[in-house]
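We did not get these values from a lab; they are worked out from the coordinates using the rules stated. All of these numbers come straight from a predicted model, not from anything done at the bench. Every residue, glycine as well, gets a Cβ built from its backbone with ideal geometry; the counts of neighbours run over all protein chains shown.
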Amino acid sequence: MKLHVIVVAYNRAIPLRTLIDCFMIQTCPDWDMTIIHDGPAPDDVKQVIALYAKEDRVTFIETEFREENWGNNNRRQMLQILDGGPEDFVLITNDDNYYVPKFIQMMFSVIKPNTGIVFCNFLHHTLEYRNMISELKLNYIDMGAFIVRLHLAQQVGFAHNDSGADGMFAEECHAMAQRTGLQAIHINITLFVHN
């Protein structure tokens, strides 16, 4: 079992480095990360990426043009091309999210053969860093708060292009999981901060 992390980034070198470091210190090593920068990356972002040049688990891509739609097209494209096994999960996140060192370990610890989605609580800056109790529905989940089986996420696709895409994608993954007999598990713990 592996967690494939898709990171949508745009011109935020310091938060990006913090995010990458959050994964470098994870207690579970079973992950890889693809960072897709929305448009050509500035020098400070490229300098950050250069720090991880020897790390096989981190891949960096920059698009030719900026899409300016919350990274949704980039999320869609990366989700379509990811390659993994039936036990693999995917996390779609942004370059300004921070994860606790046991995030992957704790998310993986509750997975059973019939688990399709695992989600946790989070802190969000627009809520003045109050704790958000997650639900798999619009306005109650952040993209970075759930992992989903890769094959399930790929079946759902990423069809939305507005600011509510996180919640709609979560709802659709949950509905697809239910149709295929897979369960969603809520870890009632705050494991990440959306900054």
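The figures follow:
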read-out: Which of Cys120, Cys22 has the fewest Cβ neighbours within 10 Å, and the rest in rising order; value: Cys22, Cys120
read-out: Cα-based helix-to-principal-axis angle, 165-179 vs the chain, degrees rounded to 10; value: 40 degrees
read-out: Efficiency of FRET between Lys112 and Arg57 - r from beta-carbon atoms, R0 25 angstrom, step 0.05; value: 0.45
read-out: Tail beyond 29 Å, pair distance distribution of the range 3-194 (Cα, percent); value: 15 percent
read-out: Cα radius of gyration and Dmax for the range 120-195 (Å); value: 12.4, 38
read-out: Members of Lys46/Lys112; Lys54/Lys112; Lys2/Lys46 lying beyond 32 Å, as alpha-carbon distances in this model show; value: Lys46/Lys112; Lys54/Lys112
read-out: Projected label distance in nm at Gln105 and Lys46, using a 7 Å step from Cα toward the beta-carbon; value: 3.8 nm
read-out: Efficiency of FRET from Cβ geometry, Asp83 and Ala159, R₀ 22 Å, rounded to 0.05; value: 0.55
read-out: Full-stretch length increase - Thr180, Met1 - with 0.36 nm per residue and alpha-carbon distance subtracted; value: 62.5 nm
